Amino acid sequence: HPILVLQGGTGVGKSIAAAGHVAASTLSWGWVDLRGVHSAALTSLLDRVVAELAAESGLTHVVLDDIELPPDPRPLETPLTRIKTILGDRGGHLVITSATVLPQRLALALALPADGMLPVPGFSRDEITEFLIARRCPAPKVAGWWAAFIELHTSGHAQLVHARIATLEAQGFPTPD
């Protein structure tokens with residue numbers, strides 16, 4: 001699809017997933033960091049992105065990272081639609097990362113397909129076990145026990161999983177009791 005929205009709470013890895021995709025790509029990508037840009041300045045910033053895209057015909061793919069949607073997202077419809085259209089006309093792609101689900105009206109304005117919204121899931125128990133083993137947890141059995149504990153205490157949240165594993169690693173992965 002010409003547009004993909006990675007949605008998930010703070011710290012679940014949306015930006016990392018987008019950056020990984022960009023790094024693995026052989027295509028030219030632009031990156032717009034919207035972290036901390038509040039609604040009053042957001043429309044203006046997106047209008048500048050439209051102007052830059054109109055002036056720079058070689059840019060075909062863009063990531064709008066960490067867009068904070070205002071309570072009334074209607075002012076964003078026009079610039080976001082124009083960005084998508086410019087990139088689409090060039091055969092390009094738009095990736096948006098957001099902590100919140102796009103409102104239906106905005107999703108419709110962007111012609112976002114049903115599978116164009118990808119929720120970034122938390123770590124599964126198996127993934128936590130793999131992470132522990134990769135961090136040199138001494139035994140798969142111990143890693144499995146710690147993974148269950150970490151999953152229960154973090155619900156798989158990426159930042160919390162990482163923090164728990166870093167703490168356990170610093171403690172030498174003690175044997176669970």
_From the options 164, 136, residue that is over 30 Å from residue 3 (Cβ atoms) and either outside any helix (DSSP H, G or I) or without any contact (Cβ under 8 Å) to a residue 12 or more places away in the chain (or both)_ = 136
*Output the residues belonging to region 126-165 that are touching an Asp or Glu at 6+ places or on another chain (Cβ under 9 Å) and surrounded by fewer than 12 Cβ atoms within 10 Å (Cβ to Cβ).*
136
*Breaking point among (1) out of contact with any helix residue (DSSP H, G or I) (no Cβ under 7 Å at 6 or more places or on another chain); (2) assigned to a loop (DSSP other than H, G, I, E, B); (3) open to solvent by less than 70 Å² (accessible area, probe 1.4 Å); (4) not polar (S, T, N, Q), for residue 123*: (1)
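Residues are listed down the side, and each one gets a yes or a no for (1) of a type outside the set (D, E, K, R); (2) over 15 Å from residue 5 (Cα atoms):
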{"position": "100", "(1), (2)": "yes, no"}
{"position": "116", "(1), (2)": "yes, no"}
{"position": "122", "(1), (2)": "yes, yes"}
{"position": "130", "(1), (2)": "no, yes"}
{"position": "148", "(1), (2)": "yes, yes"}
{"position": "158", "(1), (2)": "yes, yes"}
{"position": "175", "(1), (2)": "yes, yes"}
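For the structure I just gave you, tell me whether residue 39 is open to solvent by less than 40 Å² (accessible area, probe 1.4 Å) and of a type in the set (Ser, Thr, Tyr).
When the stated conditions are applied, residue 39 does not pass them.
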*Which number in (1) more than 26 Å from residue 19 (Cα to Cα); (2) not in a helix (DSSP H, G or I) marks the one condition that residue 144 misses?*
(2)
*State all residues of region 100-114 that are touching a residue at least 40 places away in the same chain (Cβ under 8 Å), open to solvent by 50 Å² or more (accessible area, probe 1.4 Å) and among the aliphatic types (A, V, I, L, M); if no residue qualifies, say none.*
101, 111
_With the requirement that a residue be part of a loop (DSSP other than H, G, I, E, B) and at pLDDT 90 or above, what does region 102-120 give you?_
102, 103, 110, 111, 112, 113
*Among the helices (runs of 4 or more DSSP H) lying completely within region 13-89, list those that include at least 1 residues that are farther than 26 Å from residue 159 by Cα, touching a residue at least 40 places away in the same chain (Cβ under 8 Å) and not aliphatic (A, V, I, L, M).*
74-89
*asked:* Given the condition of a type in the set (Gly, Ala, Ser) and under 30 Å from residue 28 (Cα atoms), answer yes or no: does some residue in region 128-147 qualify?
replied: no
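The values are calculated or read from the model by the stated rules, or taken from the named source; none is laboratory data. Values in this document were obtained by computation on a predicted structure and should not be read as measured data. Here Cβ is always computed from backbone atoms with ideal geometry, including for glycine, and neighbour counts include all displayed protein chains. The accessibility values were calculated without ligands, DNA or RNA, using every heavy atom of the protein model including side chains. Shrake-Rupley method; radii C 1.70, N 1.55, O 1.52, S 1.80 Å.
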